[in-house]
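For reference, the structure discussed in these notes is given below.
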Amino acid sequence: MKKYFTILVVLVAISNSVLAQEVNIGIKGGLNSYTIGGDDTEDIDSKLGYNIGLLGHIHLSERFGLQPEIVYSTQGAKASEGNGDVKISLDYINVPVLFQYMYDNGFRIQAGPQVGFLTSAKAKADGITVDLDDSFKTIDFGLSIGASYVHPPSGFGVDARYNLGLSNINEDSSSKNYNRGFQIGVFYLFKHKS
C-alpha cells in the first residue's frame with residue numbers, strides 16, 4: 001500500500017509541475033521520404049508517404065521546451081527487382097519526444113528519442129500485395145533531429161526533421177536493417193502562447 005501511495009504522490013507532483021508550465025496542444029501533418037538502410041540495400045530507393053498526428057508543446061523555461069507527439073506515419077522503401085519495382089510499405093504509430101531550444105523569433109532546433117509501433121507491413125509488386133507483418137519487429141527505436149518555426153501570433157508553423165532508426169527492424173536477426181527518413185510538414189498550436 002505504501003508503494004502505491006508513493007507512486008500516486010509522484011504522479012500528482014509531476015502533473016502539477018506540467019500544468020504549471022505553458023502547455024499547447026496542436027495538430028500536424030506532412031510528407032515523408034523514407035528508405036531502409038543496412039544490409040543488402042544497394043538497390044533500395046526512397047518511398048514517399050505522409051504523416052499526421054497530434055503534438056503537445058510544453059515550455060519548460062523561456063528558452064527550452066519539450067514536444068511529445070503521437071503520429072501515424074507511412075514509411076518503407078522501393079526496391080528494383082527484375083523488370084519492375086517492389087514497394088515495401090511499413091506503417092507506424094510514432095511517438096517522438098523532442099527537446100527544443102527556442103529562439104525569440106519563433107525558430108526552434110530540436111532533437112530527441114522516438115519509439116515506433118508497427119501497424120502494418122506489406123510488399124506490392126505487379127499488382128500483387130503480400131503481408132510481411134511476421135518479417136518485421138513490432139517496435140522500432142530511433143532518434144529525431146530537426147528544426148521548426150512557429151508564427152507566434154497565429155500558432156501556425158512548419159517543421160523539418162530527419163529520423164534515424166537505431167534498432168534492427170528485421171525479425172530475422174541475421175540481417176540488420178534500419179528505418180531512415182526525412183519529414184517536412186505543417187502544424188497548428190491551439191491557443192498558442194508565445
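Going through region 100-121 one residue at a time, which ones are open to solvent by 20 Å² or more (accessible area, probe 1.4 Å) and in contact with a helix residue (DSSP H, G or I) (Cβ under 8 Å, 6 or more places away or on another chain)?
LEU118, SER120
Kindly indicate which of GLY84, GLY76 is modelled with pLDDT under 95, of a type outside the set (Phe, Trp, Tyr) and surrounded by fewer than 18 Cβ atoms within 10 Å (Cβ to Cβ).
GLY84
Among the candidates GLN110, GLN67, single out the residue that is over 21 Å from TYR34 (Cα atoms) and among the polar types (S, T, N, Q).
One residue alone meets the criteria, GLN67.
Every residue in region 32-56 that is of a type in the set (Val, Ile, Thr), out of contact with any Leu (no Cβ under 9 Å at 6 or more places or on another chain) and not in a loop (DSSP other than H, G, I, E, B), please.
THR35, ILE44, ILE52
Among what's in region 181-194 and is more than 15 Å from TYR149 (Cβ to Cβ) and in contact with a Phe, Trp or Tyr (Cβ under 7 Å, 6 or more places away or on another chain), pick the residue that is surrounded by the most Cβ atoms within 10 Å (Cβ to Cβ).
So, considering only residues that are more than 15 Å from TYR149 (Cβ to Cβ) and in contact with a Phe, Trp or Tyr (Cβ under 7 Å, 6 or more places away or on another chain), the one surrounded by the most Cβ atoms within 10 Å (Cβ to Cβ) is GLY181.
How many residues does region 158-172 contain that are touching a Leu at 6+ places or on another chain (Cβ under 7 Å) and within 20 Å of LYS28 (Cβ to Cβ)?
Number satisfying all stated conditions: 1.
The values are calculated or read from the model by the stated rules, or taken from the named source; none is laboratory data. On a predicted model such as this, the values are computed, not experimentally measured, just so you know. As a convention, Cβ positions derive from the backbone with ideal geometry for all residues, glycine included, and neighbour counts pool all protein chains shown. When the accessible area is computed, the model is the full protein with side chains, heavy atoms only, and any ligands, DNA or RNA have been set aside. Shrake-Rupley method; radii C 1.70, N 1.55, O 1.52, S 1.80 Å.
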